[in-house]
Number of protein chains: 2
Amino acid sequence: MTPPRNPDGAERIQLAWTRERPGTPVESIGVITRIWHAGKLLADDRRRTLARLGIDAATLDLLSTLRRHGAPYRMTPAELKEACLVSAGAISQRVARAETSGLVRAHRSSGGRTSAVELTAEGHALIEGSVDELLRHEQALVEHLTPAQREQLAELLRALLDGLVARLADPRTAERPPSSGAG
Amino acid sequence: MTPPRNPDGAERIQLAWTRERPGTPVESIGVITRIWHAGKLLADDRRRTLARLGIDAATLDLLSTLRRHGAPYRMTPAELKEACLVSAGAISQRVARAETSGLVRAHRSSGGRTSAVELTAEGHALIEGSVDELLRHEQALVEHLTPAQREQLAELLRALLDGLVARLADPRTAERPPSSGAG
DNA sequence: AGCACGCTGTTTAGACCTAAACAAGGAGTG
DNA sequence: CACTCCTTGTTTAGGTCTAAACAGCGTGCT
């Protein structure tokens, strides 16, 4: 039977809708709302942690992406957009901010358009000095789950993501099946 | 053994860090990054869905919270802050916007401070006309998982959240022993 | 009564994002 | 060679959030 326990936020929402509007389809809340809640707690924690290190999450994402990509730590704006999952405009803004801070250097073509973004020594050093600490901190946040639970959770999230990407990914790329020339 | 498949975003990040910086503690990425990715896909989808209905996610959150709370659909700003998981300032702004749109009415004390926020007939109607459709749409987004997988995913997310709340929830409320409130 | 403190709500500054309008180049075609 | 389309990057308008400074008010202590 259901173990006796206090409802969490998502369950309270489900119970409230069912009480107020019997028949409301509340099942998805158990997954979707919990993903948002967990994501928010983790994002808020990351923001606070990074604030102590004098960096913000958007800049860390940019620098990490360049660093992970490998030497010479240089990518085009289109590659960054793809990797960071944000809009093209957001990339322009992130690069502008990071360049002002001296963390990246933007290579520009004659027209003023950025053709590549490259990590500076300062940006490289900032990442090297924070990524391990950040990841160790976050590892500690999930260690109340057993290794088996973490493995299972990661697997299920991956299965969920596979389906979401298939349904929701950018409509332009979604219609691009390998070798279908109908469009 | 490991089924042969293409790595997803989170796995690519793990592989890249391991290649670039062997020893980097990447395990948490399998859970945390996937939560953020799934959350972003779902949030982007909800934003687009609601845009078609002429409402934004923040306002929907406010109106839903009031509606679910039950008649007379009235809550204090402090209750809303607690339920919506956003800052006090965000509540002030949400209420101001929703009031301008005629979706809620703010009861103010002499000093101009809001003592309670109440759904208007228009706000009530907007929720009634969109919540079922929205939830059915989102249910469809997770139905590629089997019922058993969805159940298991919800359970694991809940276990994760229990631990996160214990570690990360507001330091002031974190020390508050379980006393009242089981109503 | 007088006063300090804590709780709540508001305001504002600063970050960040998306969507959409724009702009610059390259590729294919007549 | 001119034209058009398409891809890619920039700009801007609008919206949201947090953090922190600020303000009103009740409460308890002296």
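The values are calculated or read from the model by the stated rules, or taken from the named source; none is laboratory data. Small disclaimer: the values here were computed from a predicted structure and weren't measured. Virtual Cβ from ideal backbone geometry, glycine too; neighbours counted across all protein chains shown. The protein model used for the area step is the full one, side chains on, heavy atoms only, and it has no ligands, DNA or RNA in it. Shrake-Rupley method; radii C 1.70, N 1.55, O 1.52, S 1.80 Å.
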TODO: Would you mind counting up the charge near residue B:101? Only other residues with Cβ under 15 Å from its Cβ, with Lys and Arg at +1 and Asp and Glu at -1.
DONE: -2
TODO: Would you mind estimating how fast the protein assembly as shown diffuses translationally, via Stokes-Einstein at 20 °C and 1.002 mPa s with the Kirkwood radius over Cα pairs, in µm²/s?
DONE: 94 µm²/s
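Give the relative contact order (percent, whole number) for the range A:45-152; include only Cα pairs under 8 Å separated by 6+ residues.
24 percent
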Task: Tilt relative to chain B, helix B:131-141 - C-alpha long axis, 0 to 90 degrees, to 10 - done: 0 degrees
Task: Point-to-point label distance, residue A:162-residue A:21, nm (Cα→Cβ direction, 7 Å offset) - done: 3.3 nm
Task: Where B:45, B:56, B:61 fall by accessible area, highest first, once all protein chains stay in place (1.4 Å) - done: B:56, B:61, B:45
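Normalise the Cα radius of gyration of the range A:1-156 by 2.2 N^0.38 Å (N = residues in it) and let me know the number.
Taking N as the residue count of the range A:1-156, the ratio is 1.38.
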TODO: Give, rounded to the nearest 20 debye, the magnitude of the charge dipole that chain A has about its Cα centre when Lys and Arg contribute +1 at Cβ and Asp and Glu contribute -1 at Cβ.
DONE: 420 debye
Task: For residue A:142, solvent-accessible area (1.4 Å; no DNA, RNA or ligand), Å² - done: 0 Å²
TODO: Give me the accessible area buried between chains A and B, both sides summed, with a 1.4 Å probe, in Å² rounded to the nearest 100.
DONE: 7000 Å²
- [ ] Place +1 on the Cβ of every Lys and Arg and -1 on the Cβ of every Asp and Glu in chain B, take the dipole about the Cα centre, and give the residue among B:168, B:147, B:6 whose Cα lies farthest towards its positive end.
- [x] B:168
TODO: Any chance you could give the angle, 0 to 90 degrees and rounded to 10, that helix A:88-100 forms with the longest Cα principal axis of chain A?
DONE: 60 degrees
Task: Over 14 Å [Cα-Cα, the range B:10-55], rounded percent - done: 59 percent
Open item on the list: With a 1.4 Å probe and all protein chains left in place, how much accessible area per residue does chain B have, in Å²?
Closed with: 53 Å²
- [ ] With a cut-off of at most 13 other beta carbons within 10 Å, and DSSP calling the residue loop, which trypsin sites (Lys or Arg not before Pro) in the range A:57-160 qualify? Please list them.
- [x] A:113
Task: Within the range B:120-162: Cβ-based charge dipole about Cα centre, in debye rounded to nearest 20 (Lys, Arg +1; Asp, Glu -1) - done: 160 debye
Open item on the list: Let's see if you can work this out: charge +1 on each Lys and Arg Cβ, -1 on each Asp and Glu Cβ, no other charges. What is the dipole magnitude of the range A:1-76 about its Cα centre, in debye to the nearest 20?
Closed with: 260 debye
TODO: In whole Hz, with x marking every Gly and Pro, tabulate ³J(HN,Hα) for the range B:50-66 from phi via Karplus 6.51 cos²θ - 1.76 cosθ + 1.60, θ = phi - 60°.
DONE: 5, 4, 5, 8, x, 8, 10, 4, 5, 5, 4, 4, 5, 5, 4, 4, 5
Open item on the list: Given a 1.4 Å probe and heavy atoms of the protein chains only, how would you sort B:87, A:64, largest accessible area at the top?
Closed with: B:87, A:64
